[in-house]
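The values are calculated or read from the model by the stated rules, or taken from the named source; none is laboratory data. Computed from a prediction, not measured in an experiment: that's the story for all the values here. So basically every Cβ, Gly included, is an ideal-geometry build from the backbone, and we count neighbours across all protein chains shown. These area figures cover heavy atoms from the full protein model, side chains too; ligands, DNA and RNA do not enter into them. Shrake-Rupley method; radii C 1.70, N 1.55, O 1.52, S 1.80 Å.
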Amino acid sequence: MLSYLANPARFMSFSAWAAPVCLVLALVLFAIGLPWSLFFSPADYQQGETVRIMYLHVPAAWWALGIYVFMAGASFVALVWRHVLADVAARSAAPVGATFAAI
C-alpha cells in the first residue's frame, strides 16, 4: 500500500476521498469525547475540577512529540531518497506540531 501511494497522482486520488472521511470521523469522535472529558468525568478528590486540564494538556503534548518524530522521519526519507511527498508531509506537519506544542 505504501509503495502504491508513493506516486503523487495516486496519492492525490486516494486523499481526495480519504480526507472527507477522516474529517467526519474526527468531528464525530470530538463531539463524543468533549462532553465525556469535560462534563461527565468526576472531579478528583484532591485536585478538584483542575484535574481536567490533563485531558487537554497531556494528549496535546504527546501529539506534538509524535508529530515532531514524524517530521524527523519524513525529513530523513526526503534527504536520503529524495522523495517529494516526504518533504511535503514534513512541511505540512510543522504547523500542526507547533499548534499542539502551543496548547
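Taken over the stretch 39-57, the criterion of being open to solvent by less than 60 Å² (accessible area, probe 1.4 Å), of a type in the set (A, V, I, L, M, F, W, C) and in a helix (DSSP H, G or I) is satisfied by Val51 alone. In the stretch 1-16, of all residues being loosely packed, with under 10 Cβ neighbours inside 10 Å and more than 20 Å from the chain's Cα centre (by Cα), the one that is farthest from Met54 (Cα to Cα) corresponds to Ala9. Criterion applied to Ala60, Ala31, Ala19 was being in contact with a helix residue (DSSP H, G or I) (Cβ under 8 Å, 6 or more places away or on another chain), under 23 Å from Phe100 (Cα atoms) and either open to solvent by less than 100 Å² (accessible area, probe 1.4 Å) or in contact (Cβ under 8 Å) with a residue 12 or more places away in the chain (or both), and the one residue passing it is Ala60.
On the stretch given as the stretch 78-97, residues that are open to solvent by 50 Å² or more (accessible area, probe 1.4 Å) and either under 15 Å from the mean Cα position of the chain (by Cα) or modelled with pLDDT of 95 or more (or both) total 6.
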